[in-house]
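Bear in mind that the values in this text are calculations on the coordinates, not laboratory data. All values reported here derive from a predicted model rather than from experimental measurement. Counting neighbours? That spans all protein chains shown, and the Cβs are built from the backbone with ideal geometry, glycine included.
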Amino acid sequence: MQIQTSQQLSAKKCEPCEGGVAACPLEVSQQQLKNLDQWKLTPDNQRIVKTWTMKNFVQALNFFNAVGEVAEAEAHHPDLHLESYRNVRIEIWTHAIGGLSENDFILAAKIDQIDIDSIN
């Protein structure tokens, strides 16, 4: 995978992955994350994660719904976590390969395009 800007990633579509391909090397993942706003590797380097603090519980739920629409359109589904009623954490990884693929970075870039301020 080549390193891409957030705009390049968000212009792409996730490709089905049934396994049989290698996960992104750690160095590539680290370089790619430099182009994504506040996404980080999990301690095991197998997933990317980002956190948000929403205004309230309703905004957090509505954000999850917006993320769900994006994820469903991409057929690539993140792990969604809601803690303390308004703290949102999203983890993305490619289950079929047990690590990160280009799809994960595409989905992260598309999630970053959601206008949180317009969500009530």
Fill in the blank from the handout: Mean-square fluctuation maximum in Gaussian network of the chain, Cα pairs under 10 Å, restricted to Val67, Val21, Val49, hits Val21
Practice task
Describe numerically, in nm with one decimal, the distance between label points set 7 Å from Cα along Cα→Cβ at Asp44 and at Ala22.
Solution key: 2.1
Problem - Proxy reagent accessibility, fewest Cβ within 10 Å first, across Glu15, Glu74 - result: Glu15, Glu74
Fill in the blank from the handout: Per-residue Cβ contact counts at 10 Å, fewest first, order Thr5, Thr94 as Thr5, Thr94
Practice task
Take the Cβ-Cβ distance between Met1 and Glu83 as r, set R0 to 35 Å, and report the resulting FRET efficiency rounded to the nearest 0.05.
Solution key: 0.65
Exercise for the section: Return the inverse of the average 1/r over all pairs of distinct C-alpha atoms in the chain, which is the Kirkwood hydrodynamic radius, in Å to one decimal. Expected result: 14.5
Practice task
Return the loop-located trypsin sites (Lys or Arg not before Pro) in the stretch 23-120 (DSSP other than H, G, I, E, B) with at most 16 other Cβ atoms within 10 Å of their own Cβ; answer none if there are none.
Solution key: Lys34, Lys55
Handout entry: Axial C-alpha extent at least 20 Å, average Kyte-Doolittle at least 0.0 - helices from the chain (DSSP)
Key = 57-74
